[in-house]
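The values are calculated or read from the model by the stated rules, or taken from the named source; none is laboratory data. Keep in mind it's a predicted model, so treat the numbers as computed, not measured. Counting neighbours? That spans all protein chains shown, and the Cβs are built from the backbone with ideal geometry, glycine included.
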Amino acid sequence: MPTPVLILVIAALAVIGVLVFLKSRAKPHPAPTGATPLSTGDYAAAAKAILEGVGGASNVAAQSHCVSRLRIELKDGSLANEKKLRASGAAGIMRPNKNTVQIVIGAKTAEVAAAFEQLL
């Protein structure tokens, strides 16, 4: 009958094997192509791209931000264009509901939010 230590060693090796297998199958994120307003530090241009991506100032009902995201409530969610939003250099776009867009920016969210607010 195997000892508890031997069982733990076998279980640990099995877990490590599964993790190595999963890591080898992970697909790398594609490298960004070309410079974006966020990657160059042009927060005003990033804010402008985001504003165009949400359908313009007349379509913004409210906006707020946290540490990593710019949250925008839209009057008409169908006017949001994710391709234009990604052109700003955003790390991600989330749509919690049809009239809300969350743009994941990262550490410079406050700067982009200030520039965005000036455009409204």
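The strands (runs of 3 or more DSSP E) falling completely within segment 24-120 include none with 2 or more residues that are of a type in the set (F, W, Y). Reported count of residues in segment 54-66, each being in contact (Cβ under 8 Å) with a residue 40 or more places away in the chain and surrounded by 13 or more Cβ atoms within 10 Å (Cβ to Cβ), is 4. For F21, the conditions (1) at pLDDT 90 or above; (2) of a type in the set (F, W, Y); (3) loosely packed, with under 11 Cβ neighbours inside 10 Å all hold with the exception of (1). Scanning segment 67-120 for residues that are crowded, with 16+ Cβ neighbours inside 10 Å and among the small types (G, A, S), we see that the one that is farthest from P37 (Cα to Cα) is G77.
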